[in-house]
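Here's the structure, in structure tokens; my notes come after.
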Amino acid sequence: MDSSPLLSFPSPPSPSAAVAFTGVVDFRSRPVSRSSSGRWSAAIFIIGAQIAERFAYYGISSNLITYLTGPLMLSTAAAATFVNTWSGVALMLPLAGAFVADSYLGRYRTVLFSSLLYILGIGLLTLSSILPRLRPPKCSINDGKACGPNHFQIGFFYFALYLAALGQGGHKPCTQAFGADQFDEKDPEENISRSSFFNWSYYGLCLGATVSIIILNCVQDNISWALGFGIPCIAMGLALLLFLLGTKTFRFYQVEGETPFFRIGKSLVALFKGRMVSSHLLSEGAGLDCTMFVKDEVADGIEMEEAMGLLQLVPIWATCLIHAVLFAQISTFFTKQGSTLDRRIGSSFQIPPAALQSFVSISVVAFIPIYDRILVPVSRNFSRIPTGITQLQRIGIGITLSIISMVIAALVEVKRLKTSKEYGLIDQPNITIPMSLWWLAPQYILYGITEVFLMVGLQEFFYDQVPNALRSLGLALYMSIFGIGSFISSFLIAAIDKATSKSGESWFCDNLNRAHLDYFYWFLAGLSFVGLIIYLYFARSYVYKKKQNAVV
């Protein structure tokens, strides 16, 4: 067999045969022992690649609204809608990436190919800000729309941006699932380490995001967008290199047979047919059980259990969507909100508005060690659950904290509007309001703590509760919550902007001193509270895949 890791990696499964896990091998398809592979020695390379990837991603996304309203000259509402739409697509594409990984290429190869697409997309993005024919012209304030970019320049920028999103769609769910695969759930010690992996993986993601937001936003705002996009391109190259360096330490799970999507899809169809037949017979007065019809379609009870388990995830997935709408505001209206405040540190340095997002990542980085090393062991003594609290309890706490964060954001916005009125700045949107940026810190910091509970809880829950062969899909489902949430946010912004513009000043007026982001924040907090009540109803009746998590 060829010694090259890329060529000697186990062949992708045939889409037409039955899935059966036949063992764990190394990159040359040789059997490996538990002591010589996987675990933290392998996971550290994956976490390193994730840190570099998140650095690159946030180098693009965190300040995107500034680029759109600046060089591309979009309105605030149009830019926020575009950012939400792009983020939604970027977070939905992992479903396609997971399908390719779990059915054909495997997670390792999917990460490799996705990394190349990612690098190409960011590379083109960099070119769009360097080459004169691709770069939007620099305009003075008085030039207006006549000096704006042409359709080709805008189209090229959008193409590069969505190509990067496509690469991210294969990279993110597969690296995280592949990292968790390095821990054997059948071994008690490694099973606990796997739960800890999700905490430290998210720690790494937020560390990468924090450094990116602090450094790259300053570069983009004060030096150049070319350098601000070029550095993320280099970071993605580093992510690929780190992943390749860990190849010899990785565990690869061999899979044979038909694709898990086909197998479980067949079970879902059989289950649906059985329900339909049963309902028909009951309406006719017959007392037959639908399971007899299901068994004719699917002989394997495990397959039916997997199908039922996937169906049980749907209510949890759906009730978390409203939180994703709240999450979408951090990179859009929270950033625009901060752009109007006094952001000076010292006599001359001014913090870029998007850099305020670093408060979220910093609070995550600070709180995860406390959660993993203090709160989990303490709560474990009371609950007797290895992870301290159940996954659904962790998610529920996160949703509650997110509501509180949005309420704080609304109160701060009321204060900001009041201050602008007191100083006569309502019709002077370009003048900084004499109100410190530190007023925004509580909503960002609390949201960071929210992520430790909610985001990490969702990642572990959707990885753990799907069939083993579909774990890339599980993490893609988690990401799709925030993708659809971004689409919902775009729809709400567009609908509310249209409705409020007819009756007077839009809630999202370009002049934020006349806008009413506070009304929008109160509206979202109310929706999220209703969502929490519905979530608690379904969480209490959820039956875990594992017995030790059988309570809510």
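The values are calculated or read from the model by the stated rules, or taken from the named source; none is laboratory data. Only a predicted model underlies this, so the values are computations on that prediction, with no experimental measurement involved. Because the Cβ atoms are built from the backbone with ideal geometry, glycine has one as well, and the counts that use them run over all protein chains shown. Ligands, DNA and RNA are excluded from the accessible area calculation, which covers all protein heavy atoms including side chains. Shrake-Rupley method; radii C 1.70, N 1.55, O 1.52, S 1.80 Å.
Using a probe radius of 1.4 angstrom, the carbon and sulfur fraction of the accessible surface of region 408-495 is 67%. Excluding ligands, DNA and RNA, the accessible surface per residue across region 448-495 is 16 Å² with a 1.4 Å probe. Full extension of the chain between A441 and F529 gives 29.4 nm of extra length, using 0.36 nm per residue less the Cα-Cα distance. With 31 Å as the limit, the listed pairs K421/K502; K415/K502; K186/K248; K172/K248; K172/K418; K418/K502 have K172/K418 beyond it between alpha carbons. Annotation: amide H-H contacts under 5 Å for Q350 (H modelled 1.01 Å from N, sequence separation of 5 or more, or interchain): I345. Measuring from a point 7 Å past the Cα of Y158 along Cα-to-C-beta, which residues in region 83-120 have an amide N at less than 17 Å? Answer for region 83-120: 83-90.
Computed across region 360-514, the Kirkwood radius stands at 18.6 Å (inverse of mean 1/r, all Cα pairs). Take the Cβ atoms of Y537 and M308, set R0 to 22 Å, and the FRET efficiency comes out at 0.70. Once the dipole of region 63-191 is set up with Lys and Arg at +1 and Asp and Glu at -1 on Cβ about the Cα centre, which of L163, T126, Q176 lies farthest towards its positive end? The Cα lying farthest towards the positive end belongs to T126. Placing +1 on each Lys and Arg Cβ and -1 on each Asp and Glu Cβ, with no other charges, gives region 398-543 a dipole about its Cα centre of roughly 180 debye. Using 0.36 nm per residue and subtracting the Cα-Cα separation, the extra length available between F491 and L411 on full extension is 26.4 nm. For M435, nonlocal amide neighbours, meaning residues 5 or more places apart or on other chains whose placed amide H falls under 5 Å from its own, are D342. Modelled spin-label separation between A318 and K418, with each label point placed 7 Å from Cα along the Cα-to-Cβ direction: 4.1 nm. In a fully extended conformation the segment linking H151 and A96 would gain 16.9 nm over its present Cα-Cα distance, using 0.36 nm per residue. For region 166-201 versus region 448-505, the inter-centroid distance based on Cα atoms is 20 Å.
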